[in-house]
Amino acid sequence: MTAFRIEHLAEADSTNAEAMRRAVAGERGPLWIAADRQTAGRGRSGRSWSSEPGNLQASLLVTLKAPAPKAYQLSLVAGVAVFDAIGAADMKGAPSGMRLKWPNDILIGGEKAGGILIESSAVPAGLAAIIGVGINIRSSPELPDRPTTSLAAHGVSPSPEVLLAAVATATQIWLETWDEGADFAAVREAWLNRAHPIGERMSIHTGSERVSGAFLGLDPEGALTLETESGVRRFTFGDVSLSR
């Protein structure tokens with residue numbers, strides 16, 4: 001994989017949106033775009049993403065040969081990379097209780113400390129994939145539907161620049177391991193080792209229904225599997241809430 005570049009902006013509407021504009025204009029990447037401030041930051045399912053001073057908001061543009069159905073695995077690839085990067089970016093290591101929640105959240109003790117947004121679009125060179133990463137380093141926003149926290153609240157506080165360098169390095173390593181889906185099994189195993197335990201109770205909202213059950217793991221393609229009252233079910237999209 002070609003070595004990544006990093007471009008730093010004082011302000012952007014959204015680092016994901018800026019990366020996609022670069023892709024449409026012919027940029028192939030791998031290119032990280034980071035911004036001190038976003039005026040229209042985005043999360044999954046159309047949510048807004050708060051961009052507080054001292055936090056990390058950055059997006060990676062890569063061009064893939066993999067078909068679009070494989071692109072959703074990038075949430076899991078990026079989750080493993082971000083988890084590893086947080087542990088590597090501060091001498092104190094990763095905060096106690098940090099884990100991954102399917103498909104794209106970084107949790108510390110059940111509270112959200114970061115998230116990942118994957119977007120993709122067909123371009124002449126292949127599939128332009130954008131991996132957006134937001135990490136609450138110094139502060140966390142108050143959200144009406146979920147508890148949040150920051151790395152600093154747990155004694156870990158690298159600068160955004162240091163954390164981005166660690167995220168970029170770890171992401172390159174895990175993208176090469178993933179190999180556009182050829183070795184997703186290694187990513188799957190790594191993700192499960194960093195995630196909530198098998199058997200944990202959770203619910204998932206798919207937009208049309210909410211289903212509760214016990215976490216069984218991931219299937220070979222990365223879909224969430226739950227043991228529910230109606231049997232084992234498989235999900236490729238949805239918002240997961242862990243039982244408290």
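Computed extension length for ARG201-THR228: 8.7 nm, one decimal, from 0.36 nm per residue of separation with the Cα-Cα distance subtracted.
When the Cα atoms of the range 5-193 are aligned to their principal axes, the ranges along those axes come out at 45, 37, 31 Å in descending order.
Show me 199-206, 178-185 ranked by packing, highest mean number of other Cβ atoms within 10 Å first.
On the way: 199-206: 14.6, 178-185: 16.4.
Descending packing order for the listed peptides: 178-185, 199-206.
Take the alpha carbon gyration tensor of the range 116-244, find the square roots of its eigenvalues, order them as a ≥ b ≥ c, and report rounded if a/c is under 1.5; if not, report prolate when a/b exceeds b/c, else oblate. The shape class here is oblate. Counting only lysines at least 8 places from LYS112 when in the same chain, those with an alpha carbon closer than 22 Å to its own are LYS92, LYS101. Taking only the C-alpha atoms of the range 201-242, Rg followed by Dmax gives 9.2, 25 Å.
Each Lys or Arg adds one and each Asp or Glu subtracts one; over the other residues with Cβ under 11 Å from the Cβ of ALA58, this totals -4.
Based on DSSP H runs of at least 4 residues, each adding -39500 (n - 2.57), what is the mean residue ellipticity at 222 nm of the chain after dividing by all its residues, to the nearest 500 deg cm²/dmol?
Details: 4 runs with 55 residues, N = 244.
The helix-only estimate for the chain comes to -7000 deg cm²/dmol at 222 nm.
How much length, in nm to one decimal, is gained on full extension between GLU209 and ALA122, taken as 0.36 nm per residue of separation minus their Cα-Cα distance?
Roughly 28.3 nm would be gained on extension.
Can you tell me the length gained on complete extension of the stretch ALA68 to ASP219, counting 0.36 nm per residue apart and subtracting the Cα distance?
Extending this stretch completely gives an extra 52.5 nm.
The HN-Hα couplings worked out from phi for the range 29-35 by the Karplus form 6.51 cos²θ - 1.76 cosθ + 1.60 (θ = phi - 60°) are x, x, 9, 8, 10, 10, 9 Hz, whole numbers, x standing for Gly and Pro.
What ranking, highest mean first, results for peptides 144-150, 189-195, 111-117 when packing means the other Cβ atoms within 10 Å averaged over each residue?
Details: 144-150: 14.1, 189-195: 17.7, 111-117: 22.3.
Ranked by mean Cβ neighbours within 10 Å, highest first: 111-117, 189-195, 144-150.
3J(HN,Hα) couplings calculated from phi for the range 166-172 with the Karplus curve 6.51 cos²θ - 1.76 cosθ + 1.60 (θ = phi - 60°) are, in sequence order, 5, 5, 4, 5, 5, 5, 4 Hz; Gly and Pro show x.
When only Cα pairs under 8 Å and 6 or more residues apart are kept, what is the percent relative contact order across the range 201-242? Don't jump to the answer; show the numbers that get you there.
Values: 74 pairs, mean separation 16.6, N = 42.
Here the relative contact order equals 39 percent.
Grab the beta carbon distance between SER243 and ALA40, set R0 = 35 Å, and tell me the FRET efficiency rounded to 0.05. Efficiency, from the Cβ-Cβ distance: 0.55.
Given R₀ = 45 Å, what would the calculated FRET efficiency be for GLU142 paired with ALA182, taking r from the Cβ atoms and rounding to 0.05? Can you show the working numbers first?
Numbers: r = 42 Å, r/R0 = 0.93.
So, using R0 = 45 Å, E works out to roughly 0.60.
Using the average count of surrounding beta-carbon atoms within 10 Å as a protection proxy, the listed peptides 210-223, 124-137, 80-93 rank, highest first, as 124-137, 80-93, 210-223.
Here each label is just a point 7 Å from Cα along the line to Cβ, and for GLU52 and ILE6 those points are 2.2 nm apart.
We did not get these values from a lab; they are worked out from the coordinates using the rules stated. Predicted model, so just to flag it, every value in this text is computed and none were measured. Cβ sites come from the backbone with ideal geometry, for glycine too, and all protein chains shown count toward neighbours.
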